[in-house]
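The structure appears right after this line, and notes come after that.
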Amino acid sequence: MNGIDKIIERILQKAEQERDQILSEASSEAGRIYESLKAHGDLEAADIVSRGKEQAKLHIERTESAAAREAGTMLLQTKQKMIDRAFQRAKEILNELPDDDYADLLASLASQAIMTGEEQLILGKTDLARRSELIKARINRLASDKGLPAGITVIPEAGNFEGGVIVRKGNVDTNCTFDTIIRTLRDTMTGEVASVLFGQESENETT
């Protein structure tokens, strides 16, 4: 299983774990809005009954239709927030991996960018301070496995990102940061995550 597959697996696992809570929150909020607006409409309708039952009926229908639309909008917004949370939590889980697993993941992500064995690595602030030597060692081992020199070094200045790595060769940077990878995955996985969270009927609503 390569690095991208691991990220996809963790996103979907987290989405499935939060499904019941998300559906409960979304349904409760939508129901509350619907009932509130419907009750408001019923009260207004009572005031105009004297002007004709037909007008009251039309008013109730319009109010209920507006309430249904408002509830639907709130439900969709809640679903979108939950999808955002699933992707954000996936990034947090990756950053919380044990050091060995984390270094192996970065090596896997960087593997396609290692062409000479003399590249430079840019790490985020936390990784640079805490586990730069381990990450460098794992990526150099990967270079050796590919028959390349183990001359990869870490740039002493931290990059402006959290999690992942940028591989630099000359003027060319290959961005393997978690932010970039998850942003790319989101373009293709939103429907899949929505399906896990809310069922097939939500896939088109949230893409």
So, I182, is that one of a type outside the set (F, W, Y) and either assigned to a strand (DSSP E or B) or in contact with a strand residue (DSSP E or B) (Cβ under 9 Å, 6 or more places away or on another chain) (or both) or not? no
Does at least one position in segment 96-119 carry a residue that is among the β-branched types (V, I, T), in contact with a strand residue (DSSP E or B) (Cβ under 6 Å, 6 or more places away or on another chain) and modelled with pLDDT of 90 or more? no
Considering L128, L121, L148, which residue is open to solvent by less than 60 Å² (accessible area, probe 1.4 Å) and assigned to a helix (DSSP H, G or I)? L128
Regarding A137, is this residue out of contact with any strand residue (DSSP E or B) (no Cβ under 7 Å at 6 or more places or on another chain), of a type in the set (G, A, S) and at pLDDT 95 or above? yes
Given S111, S65, which one is small (G, A, S), surrounded by 15 or more Cβ atoms within 10 Å (Cβ to Cβ) and in a helix (DSSP H, G or I)? S111
Quickly run through segment 119-151 and pick out the residues that are among the charged types (D, E, K, R), free of Cβ contacts under 8 Å to residues at least 40 places away in the same chain and out of contact with any Asp or Glu (no Cβ under 7 Å at 6 or more places or on another chain). K125, D127, R130, E133, K136, R141, D145, K146
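The values are calculated or read from the model by the stated rules, or taken from the named source; none is laboratory data. Since the model is a prediction, treat every value here as computed from it, not as a measurement. Glycine gets a Cβ as well: all are built from the backbone with ideal geometry, and neighbour counts include every protein chain shown. The accessibility values were calculated without ligands, DNA or RNA, using every heavy atom of the protein model including side chains. Shrake-Rupley method; radii C 1.70, N 1.55, O 1.52, S 1.80 Å.
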